[in-house]
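Report on the following structure.
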Amino acid sequence: MVESIAGTTSLLGHRPIYGSYCCKDVLNKRKPSDLFPFPFTQFLGRRVYSSVSLPKGCVQQSFTSLIKSQAMELTKEAYSSREKEWIPRDFRYGIHTGVDCRPGVWPPENKADNPALNNPLLRLERMGCGWLGAIFEWEGVLIEDNPDLEKQAWLALSEEEGKSTPPAFVLRRIEGMKNEQAIAEVLCWSRDPGELKRMACRKEEIYQARHGGIYRFRSGSQEFVNVLMHYKVPMALVSTRPRKYLETAIQAIGMEGIFNVIVAAEDVHRGKPDPEMFVYAAQLLQFIPERCIVFGNSNQTVEAAHDAQMKCVAVASKHPVYELGAADLVVKHLDELSIIDLKNLAAIESAEFGSGESELEMEPDEDHR
C-alpha cells in the first residue's frame, strides 16, 4: 500500500527521486535524509530500475525510507486541504483520548456555559454540579397539608352551584391543577371565562375559610431551607394558590425574603401535570432546567418535573414511599438530604448534555430460511 502511494506520487508529477532528499520528521523539522544519490530512470510496478549500481542492502533501506517519507508528505497534503481537520504531529500516536483537540472546540459545548462571564471560576462552576437551583412546592413539602380540606372545598362549591357531586377519583385527578383548569377540563362545569374565574375565586375562599390561616412547618423542612441558604442555593416557590393567599401564608410562617422567585396561579395558564410552572420558575431563576431540582409530594409533580427535564425529589407526606418510585429520590422529611446529595443528583447529566448513554436501537429481524 505504501509503495502504491509512492508510485502514484511519482507518476502524478512530484519531484523525481534523485540525489539527497529532504523530508520532515515527526517534529515537523526539515532534515536531509541519509540516502545514497542515485539517478531515477524508470518506475514499473514494485521495481525501481537504476542506471547506477549501489551496494547491497543500501538500496532497499534507502528506498523504503524514501517511500515512507513520501507517504507521510502525501498524507499531510491530503489532510491540509480540509480546513477543520486536526492532524496530529506524531503519526505513531494511535491512542484515542476521546477529547476533540481541534482549536476552538475546547472547552466542550455545554448548555450551562455562559461565555459572557468574565470570571473563569464562575463559568466553570456553572458547568459543574455545584451550580443548581431548588424549586419547592408549598403544601405537603414545606408546610403541613390537609388534603381533606381541598376535597371539602370542592364538594361545598358543587353544592352551591347546583352541580353533581364529583366522585373521589375525579377529586384525586384534579389535585395540583389550577382551579380554572379543573372546572373547565375535568369537572366540565363551564367554559365561560367569567364563570371560570368566579367559581375559582369562590372555591379558594371556601378553602381559606375552612383552613383558618394556621400554618406550620413540616418536620425537617425549615432546617433544610437553612442549609440551602447557607450554601447560597437559589430557591423558587411554585403553587397553584392565588398570589395574595400565598404571600399571606409566607408572611404568617416567617419565610418572607427567602425565596428568590415565587410563581403563583396568576403566572401560569395550566397547573400540574403540565410542566409550565417549573419551566417558568427556572426561567426566572436564570437556570437551565437540567440544573434545577424540584421538591414535590405527588406523582403529578414527578411527571411535570421530568417533562421539564428536571430532577425531582419526592416527599412522602400524603403518599407512601413505594408509590413515588418514579422520582429521582424519595424521602420522608427534607432534613434527610444534604447538599452533597443534591450535587450528586445534579451530576447525573441527561442526554441533552451529550454525555448520556446512547439508546439501544432495535435490530431488524432477519428472515432465516
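The values are calculated or read from the model by the stated rules, or taken from the named source; none is laboratory data. Computed from a predicted structure; not experimentally measured. Virtual Cβ from ideal backbone geometry, glycine too; neighbours counted across all protein chains shown. Heads up: the accessible areas ignore ligands, DNA and RNA and are worked out on the full protein's heavy atoms, side chains in. Shrake-Rupley method; radii C 1.70, N 1.55, O 1.52, S 1.80 Å.
Go through 176, 212 for me and flag whichever is on the phi > 0 side of the Ramachandran plot and crowded, with 19+ Cβ neighbours inside 10 Å. Before you say what the answer is, go through the steps one by one.
On the way: 212 fails: crowded, with 19+ Cβ neighbours inside 10 Å.
After ruling out the rest, the residue left standing is 176.
Could you count how many residues in region 234-248 are under 22 Å from the mean Cα position of the chain (by Cα) and part of a helix (DSSP H, G or I)?
Count: 0.
Determine which member of the set 223, 195, 247 is among the charged types (D, E, K, R), within 30 Å of residue 336 (Cα to Cα) and touching a helix residue (DSSP H, G or I) at 6+ places or on another chain (Cβ under 9 Å).
Details: 195 fails: within 30 Å of residue 336 (Cα to Cα); 247 fails: touching a helix residue (DSSP H, G or I) at 6+ places or on another chain (Cβ under 9 Å).
The conditions single out 223.
Taking the condition of being farther than 12 Å from residue 135 by Cα and either assigned to a helix (DSSP H, G or I) or among the aromatic types (Phe, Trp, Tyr) (or both), how many residues in region 249-259 meet it?
Taking region 249-259 as the starting set, the residues that turn out to be farther than 12 Å from residue 135 by Cα are 249-258.
Now drop any that are not either assigned to a helix (DSSP H, G or I) or among the aromatic types (Phe, Trp, Tyr) (or both), which leaves 249-253.
Within region 249-259, residues that are farther than 12 Å from residue 135 by Cα and either assigned to a helix (DSSP H, G or I) or among the aromatic types (Phe, Trp, Tyr) (or both) number 5.
Might you let me know whether region 225-239 holds any residue that is open to solvent by 80 Å² or more (accessible area, probe 1.4 Å), touching a residue at least 40 places away in the same chain (Cβ under 8 Å) and aromatic (Phe, Trp, Tyr)?
Yes, region 225-239 contains at least one residue that is open to solvent by 80 Å² or more (accessible area, probe 1.4 Å), touching a residue at least 40 places away in the same chain (Cβ under 8 Å) and aromatic (Phe, Trp, Tyr).
Can residue 259 be described as open to solvent by 20 Å² or more (accessible area, probe 1.4 Å) and within 22 Å of residue 243 (Cβ to Cβ)? It would help to see each step written out before you state the result.
Values: open to solvent by 20 Å² or more (accessible area, probe 1.4 Å): yes; within 22 Å of residue 243 (Cβ to Cβ): yes.
It is true that residue 259 is open to solvent by 20 Å² or more (accessible area, probe 1.4 Å) and within 22 Å of residue 243 (Cβ to Cβ).
Answer with yes or no whether residue 164 is open to solvent by less than 60 Å² (accessible area, probe 1.4 Å), modelled with pLDDT of 70 or more and of a type in the set (Gly, Ala, Ser).
No: the conditions fail for residue 164.
Of (1) at positive phi; (2) surrounded by fewer than 16 Cβ atoms within 10 Å (Cβ to Cβ), residue 220 satisfies all except one. Which?
For residue 220, the exception is condition (2).
Could you tell me whether any residue of region 308-324 is part of a helix (DSSP H, G or I), within 28 Å of residue 184 (Cα to Cα) and of a type in the set (Val, Ile, Thr)?
No, region 308-324 contains no residue that is part of a helix (DSSP H, G or I), within 28 Å of residue 184 (Cα to Cα) and of a type in the set (Val, Ile, Thr).
Going through 203, 178 one at a time, which residue ends up being in contact with a Lys or Arg (Cβ under 7 Å, 6 or more places away or on another chain) and in contact (Cβ under 8 Å) with a residue 40 or more places away in the chain? Reasoning before the result, please.
Numbers: 203 fails: in contact with a Lys or Arg (Cβ under 7 Å, 6 or more places away or on another chain).
That would be 178, the only listed residue that is in contact with a Lys or Arg (Cβ under 7 Å, 6 or more places away or on another chain) and in contact (Cβ under 8 Å) with a residue 40 or more places away in the chain.
Give region 105-123 a look and list any residue that's surrounded by 10 or more Cβ atoms within 10 Å (Cβ to Cβ) and modelled with pLDDT of 80 or more, or say none.
111, 112, 113, 114, 117, 122, 123, listed by residue number.
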